[in-house]
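Novice: Let me give you the structure first, and then I'll get to my questions.
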Amino acid sequence: MSIIQKTATEQLALLQAGELTSVELTQAYLDRIEQVDGSIGAFLRVESDSALQQAATIDAKRSAGDSLGKLAGLPVAIKDILCTKDTPTTCGSRMLEHFQPPYNATAVEKLLSADAVILGRTNMDEFAMGSSTENSAYQTTQNPWDITRIPGGSSGGAAACVAADMAPLSLGTDTGGSIRQPAALCGCVGLKPTYGRVSRYGLIAFASSLDQIGPLARTVDDTALLLEVLAGYDPLDSTSVNRETPAYSQTVHQPLEGLTLGVVEQHFSEGIDAEVATSVQQAIQVYQSLGATIKSIEMPHADYGIATYYIIAPCEASSNLARYDGAHYGYRTDQAEVLAELAEDGSDEGPLVRMYRKTRSEGFGSEVQRRIMLGTYALSEGYYEAFYLKALKVRRLIRQDYDRAFEQVDLIIGPVTANPAFAKGEKTSDPMAMYLEDLYTVTANLAGVAGISLPCGFTSAGLPVGLQLQSAPFEEEKLLRAAQMYQSATDFHSRRPELS
Amino acid sequence: MSLTRQDVEKVALLARLKFDDEGLDKMTSHMVQIVEYVDKLSELNTDDVEPMAHALDVFNALAEDEPRASLPREEALRNAPKNDDEYFRVPAVLGE
Amino acid sequence: MSELPYEIVIGLEVHVQLKTNTKLFCRCSTAFGSPPNTQTCPVCLGMPGSLPVMNKKAYFLGMKTALALHCGIPKFTKWDRKNYFYPDLPKGYQTSQFDLPMSEEGYLDIKSTKDEFEPRRVRIIRAHLEEDAGKSIHDEAAGKADSRIDLNRTGTPLLEIVSYPDMRSAAEAKAYMQELRLLLTYLDVSDCNMQEGSLRCDANVNLHITTDDGVIATPIVEIKNMNSFRSVERGINYEAKRQYDVWQETGKVLGELPKQTRGWDDSAQVTRSQREKEESADYRYFPCPDLIPVVVTDEQIDEVRHEIGDLPAALRDRLESEYDLTTYTADVIVNQGLGFVEYYLELAAASGDNKLAGNWVQGEVLRILNDLEIGISDFGVSAAALAELLKLIQAGDLDSSKAKDVFTVMLESGKSAAAVVEDLGIEKVDESALEDLCRLLVERNQRIVDDVKNGNEKAVGALIGQAKKENPNVNPGQVRQICLDIINSL
Ligand SMILES: [Mg+2]
Ligand SMILES: [Zn+2]
């Protein structure tokens, strides 16, 4: 078995035992990327030189007997939405094509101080807006299980690179399902932490009250390891919560006694693919056979999740993305052209407003523009109460559904998506159909609870199916331990796509 | 609550975006479709519900008033599409 | 004023830069006057991914000010975004407070020492925190060249204090600004330097005009950029006249035109329309998702309340009622600031003569401070030293003109009053010798005696002049009294 087929936890043990160097491991991944990423397109930029340099430094530290961080020598891929000092961070947008942040995101700082090796930047939907990674301004990413299909999104590159063994660990972000959905469609594990668990400092905002950074990996224990490094209070993020980070990687193998799982009936009603439903039902039976109690629960407002989300997220986005106006950083339209137009049409719109409008229309892709428009509309005079304020109230109702559910059960179990990976281009002309991809995932973001997606089967066409577990806020430890119970009893996580 | 092409044009100015005729038609039809969908929230009675802007029950993230180093000016201006080594440069605010 | 054919209705929005070391949401310095764009960081540049963290000191300085303005402090307050595009606002929104400000419903009393208006209580709607924008420098030939943007000021903490439309003249508006500035100085919450922009004023102005059909109101205009007391007064008066002229011309009343924004052009002394500000008037306020609310306890509010020392209004009352000063003198003393008041209080206590102390600080001390353009803290004669001089006056050892001479030398030399009196050779004249001199002068000047007897007391002044010629050290007041006594006894 090749080294890159081993899990991160196994690789770490080999590194610690001196049976593997970080340079060897990093090189193996670089070779694999070289070999397969041409057909997958997971990476926007591979940082080979700096990765090998970092790896060599860590190897040297190890042989000198210096103390090392928790990820010492392990390569990690980063979604191109996290700011990294003095290197491009594009967010999948033309707008930030040449943007080089003068600082590191806290999550990136944490990786560096854990002695991880940063392998490169993964592709994503522009500004994390999308469910297929087709909205990237640079390239599409193919699903490693079927390259005619999408990998999910917005963290499509992050999931695809793990699924195709191009990185053992990767960082994604999840605003409405953007970690869990691609993890499900690519057959890997992805966790969206509780809102406030991981610092958002340096995460380029899409919808600030929903965004969370989280780990993607092939196995639950690898996920636990990466979350342990990412989590923790950050005084630079007012919305990060000051709480102890549990030692997830230490406890992940402890099964939970007397586990009660809640099932929401609506999850299996109309719209869900029969094979997906079957895989998820079978997973529920596995839990039963492991001693878990299954309880039917009500989430009466779950059906309003998409509507609520597609008001709140665009509203916040319309404001968060106002900063991209060509004045202080990022793309600016050709100024001479603006002035020439001004001379021509003689309307009373001044040069600055023209520059703004032209810059933003050229720099943003159509999905981003659509969401900015929606959010601007929903916040504007006369519509605020009917849309934005209403959505905030329904958000409370959704949270109350969760609170009531977690009084009765430990975790909620169900599907991640209604369907397996769809064909490229299938939903690009129908925004509403694309938005409905997030049906089972958005409510966790709205409520701020944690959720994990893990492989639970394959369709007859060989496409992965994901299982979602959701926990009450700050119960990631429970989430990971329960997920590990399932993983120990099944082997869906160890299947590999065939790539030439 | 029907959304017209004119409304969309007004919103585009507010959002500092600009569409050509075809783009405006497409945007209008997409927005109409989405607004119709999200309007399903009006089915719910939310009279006594407190709005929820944050998914957190924490308060008072306050920092001490202690200065930290600012960025060197070259760093601050480095990403600017146009600058003169001292200032950011933008097209004139007022048109003549 | 009252002859005007209209009444001016004025509400003020005052932006106060709070005295913090760092900005409202990042820890960049707020120092004034640094080279452009040297006090910025990812947060105040609005860089992608950066996040704000609220300055604790700014919040508590805001609360202190609000309490001094008799505002209520809600237990819960939150931050909102005000969305608009402008190059001095790098995030594309200003973080401010919308529906749940940190304080509401207070007041500030104003009165005129020159009887320009009746005393008035100006009610305050709210005082809330927000961040300042940067500075745009526009080319002279507007529209031709680029504008230059300096973001040093971006994110500086501001307290916006919004009054009800309770003022009825430009003089009242000016007095409100001056009283507010004085209060802020006493609280030590702001530099209050209007030239540096740490105190800025916008006014909402319209007119109530009595017509044959009743009182009509003109459309409200917001005047911006009035950055001195004088421009507040002139800007409002200009705008009132302009509105009256427009109304006469168009007949348009409140509700028939949208609210207009006009900028005060200090060099041209006119207000000008700022159309570009109106176009983006849909600010789409919503709660800032990056900042969490602040919750305060009664104990914290009380703690801040206790930090507030003596404030101008209370001190004026005290100087009038306890120290028996005139309204005018009390006002002059209090308006000089807390240091000056403390100087007075110490002088009054040490000299034992509240009135004399009041006259001296308001007269000599203030004259010298103004001449030298210094504050009381740089003044060379301590209250204790001046008190010694006042005691000599009270004892009749010095007349007031001599005392002023002594004071001048004290100021130059730093010596005590007693030492200066000795240096100048000022001797106390023996009481019986003085009486002898006066008797002699009365005898020599029968005409003056007749004049006085006929009711012209002033005539005695000539005797004082003669006495001074005989002995330069005589106390004129004493001479006057003795001479009058002698004449009356004749
Ligand atoms: Mg304001
Ligand atoms: Zn800063």
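Novice: Using R₀ = 22 Å, calculate the FRET efficiency as 1/(1 + (r/R₀)^6) where r is the Cβ-Cβ separation of C:ALA145 and A:SER347; round to 0.05.
Specialist: Once rounded, the FRET efficiency stands at 0.55.
Novice: Still on this structure: Shape of chain B from its Cα gyration tensor (a ≥ b ≥ c, root eigenvalues): rounded if a/c is under 1.5, otherwise prolate when a/b > b/c, or oblate?
Specialist: Oblate.
Novice: Amide H of A:ASP211 versus every other amide H placed in the peptide plane: which residues, excluding those fewer than 5 positions away on the same chain, fall under 5 Å?
Specialist: Amide H neighbours of A:ASP211, under 5 Å, 5+ apart: none.
Novice: While we're looking at this one, here's another question. Each residue of the range A:269-275 in order: what ³J(HN,Hα) in whole Hz does its phi give by Karplus 6.51 cos²θ - 1.76 cosθ + 1.60, θ = phi - 60°, with x for Gly and Pro?
Specialist: 7, 3, x, 7, 5, 4, 5
Novice: If you take every residue apart from A:ALA17 with its C-beta less than 15 Å away from the C-beta of A:ALA17, what net charge results, scoring Lys and Arg +1 and Asp and Glu -1?
Specialist: Net local charge, A:ALA17 excluded: -2.
Novice: Please label the shape of the range C:144-191 as rounded, prolate or oblate, based on the square roots a ≥ b ≥ c of the eigenvalues of the alpha-carbon gyration tensor (a/c under 1.5 means rounded; beyond that, a/b larger than b/c means prolate, else oblate).
Specialist: oblate
Novice: Mind running the shape call on the range B:20-62? Use the C-alpha gyration tensor, a ≥ b ≥ c as the square roots of the eigenvalues: rounded below 1.5 for a/c, prolate if a/b tops b/c, oblate otherwise. Can you show the working numbers first?
Specialist: Numbers: a/c = 5.73, a/b = 1.82, b/c = 3.14.
In terms of gyration-tensor shape, oblate.
Novice: Beyond 23 Å, what percent of the Cα pairs of the range C:310-424 remain?
Specialist: I get 25 percent for the Cα pairs in the range C:310-424 exceeding 23 Å.
Novice: From Cα pairs below 8 angstrom and at least 6 apart in sequence, can you work out the relative contact order of chain A, rounded to a whole percent?
Specialist: About 18 percent, as a whole number.
Novice: How many nm separate the modelled label positions at A:LEU14 and C:LYS468, each set 7 Å beyond the Cα in the direction of the Cβ?
Specialist: Once both label points are built, they end up 11.0 nm from each other.
Novice: On a 0 to 90° scale, report how tilted helix C:431-444 is relative to the longest principal axis of chain C, with both axes built from alpha carbons and the result rounded to the nearest 10.
Specialist: The answer is roughly 70 degrees.
Novice: Counting other Cβ atoms within 10 Å, which trypsin sites (Lys or Arg not before Pro) in the range C:423-457 have at most 15 and lie in a DSSP loop?
Specialist: Here the sparse-neighbourhood loop sites are C:LYS428.
Novice: If packing is taken as the average number of other Cβ atoms within 10 Å across a peptide's residues, how do C:37-44, C:109-116 rank, most packed first? Before the final figure, lay out each step's value.
Specialist: Values: C:37-44: 25.4, C:109-116: 14.1.
Going from most to least packed, we get C:37-44, C:109-116.
Novice: For every other residue with a beta carbon closer than 13 angstrom to the beta carbon of C:LEU67, add +1 if it is Lys or Arg and -1 if Asp or Glu, then tell me the sum.
Specialist: Numbers: positive: C:LYS64, C:ARG305; negative: C:GLU104, C:GLU105, C:ASP298, C:ASP302, C:GLU303, C:GLU307.
Summing Lys and Arg as +1 and Asp and Glu as -1 gives -4.
Novice: Would you calculate a helix-derived [θ] at 222 nm for the protein assembly as shown, using -39,500 (n - 2.57) for each DSSP H run of n ≥ 4 and dividing by the full residue count, to the nearest 500?
Specialist: -12000 deg cm²/dmol
Novice: Hey, another quick one. State the Kirkwood hydrodynamic radius of chain A in Å, one decimal place, computed from all pairs of distinct Cα atoms.
Specialist: 22.7
Novice: Report the label-to-label distance for A:HIS98 and C:GLU412 in nanometres (one decimal), using points 7 Å from each Cα along the Cα→Cβ vector.
Specialist: With each label point 7 Å from Cα toward Cβ, the separation is 7.0 nm.
Novice: With both bridge residues required to lie in the protein assembly as shown, what share of the DSSP beta bridges run antiparallel, to the nearest 5%?
Specialist: 80
Novice: What's the angle, to the nearest 10 degrees (0 to 90), between helix B:5-14's Cα axis and the longest principal axis of chain B?
Specialist: The angle comes out at about 20 degrees.
Novice: How many angstrom separate the Cα center of the range C:113-181 from the Cα center of the range C:354-368?
Specialist: Between the Cα centres of the range C:113-181 and the range C:354-368 lies a distance of 34 Å.
Novice: If I take all pairs of Cα atoms in chain C, what percentage of them are more than 41 Å from each other?
Specialist: The calculated P(r) of chain C puts 39 percent of pairs beyond 41 Å.
Novice: On to the next question. Could you tell me the relative contact order of the range C:310-424? Use alpha-carbon pairs under 8 Å, at least six residues apart, and round to a whole percent.
Specialist: 20
Novice: Still on this structure, please answer the following. Work through the residues other than C:PRO219 whose Cβ is under 9 Å from its Cβ and net out their charges, Lys, Arg +1 and Asp, Glu -1.
Specialist: Within the 9 Å Cβ shell, the charges total +1.
Novice: Sticking with this one: Report the calculated FRET efficiency for C:ASP405 and C:ARG447 (r = Cβ-Cβ distance, R0 = 35 Å), to the nearest 0.05. Let's see the in-between values first.
Specialist: On the way: r = 32 Å, r/R0 = 0.92.
It comes to 0.60.
Novice: Oh, and also: So, with +1 on the Cβ of K and R and -1 on the Cβ of D and E, and no other charges, what is the size of the charge dipole of chain A about its Cα centre, to the nearest 20 debye?
Specialist: Values: 39 positive and 61 negative charges, 118 e Å.
That gives a dipole near 560 debye.
Novice: Would you please give the FRET efficiency between B:ASN45 and C:ARG305, computed as 1/(1 + (r/R0)^6) with r the Cβ-Cβ distance and R0 = 45 Å, to the nearest 0.05?
Specialist: The value I calculate is 0.60.
Novice: Do any GluC sites (Glu not before Pro) in the range A:305-401 lie in a DSSP loop with no more than 13 other beta carbon atoms within 10 Å, and if so, which?
Specialist: A:GLU381
Novice: For the range A:116-219, what is the largest minus smallest coordinate of the Cα atoms on each principal axis, given in angstrom and ordered from greatest to least?
Specialist: The principal-axis extents, from largest down, are 35, 27, 22 Å.
Novice: OK, next. Taking only the alpha-carbon positions of the range C:431-489 and ignoring solvent, what does the Debye formula give for the base-10 log of I(q)/I(0) at q = 0.12, 0.23 Å⁻¹?
Specialist: After summing over all Cα pairs, the log10 values are -0.22, -0.83.
Novice: For the range A:479-493, just list the computed ³J(HN,Hα) in residue order, Karplus coefficients 6.51, -1.76 and 1.60, θ = phi - 60°, integers in Hz, with x standing in for Gly and Pro.
Specialist: Values per residue, Gly and Pro as x: 4, 5, 5, 5, 5, 5, 4, 5, 5, 5, 8, 9, 10, 4, 5 Hz.
Novice: Roughly what angle does helix C:400-413 make with the longest principal axis of chain C, taking Cα atoms, 0 to 90 degrees, to the nearest 10?
Specialist: The helix C:400-413 is inclined about 60 degrees to chain C.
Novice: Restrict the search to the range C:1-81; then list the GluC sites (Glu not before Pro) that DSSP places in a loop and that have at most 10 other Cβ atoms within 10 Å of their Cβ.
Specialist: Loop-located and lightly packed - C:GLU3.
Novice: What are the ³J(HN,Hα) couplings of the range A:299-313, residue after residue, when phi is run through the Karplus curve with 6.51, -1.76, 1.60 and θ = phi - 60°? Round to Hz, x for glycine and proline.
Specialist: Listing the rounded values in order: 10, x, 9, 4, 5, 8, x, 4, 4, 5, 4, 7, 9, 4, 4 Hz.
Novice: Taking the radius of gyration and the Kirkwood hydrodynamic radius from Cα positions alone, what is the Rg/Rh ratio for the protein assembly as shown, to two decimal places? Don't jump to the answer; show the numbers that get you there.
Specialist: Numbers: Rg = 37.8 Å, Rh = 33.5 Å.
Here Rg/Rh amounts to 1.13.
Novice: In peptide A:152-161, what is the residue-averaged number of other protein chain Cβ atoms found within 10 Å of each Cβ?
Specialist: Numbers: counts 0, 0, 0, 0, 0, 0, 0, 0, 0, 0.
Mean inter-chain Cβ contacts per residue within 10 Å come to 0.
No value in this document is a laboratory result; all are computed from the given coordinates. What you see is a predicted model; the values in this text were computed from it and never measured. Note that each Cβ is placed from the backbone with ideal geometry, even for glycine, and that neighbours are counted across all protein chains shown.
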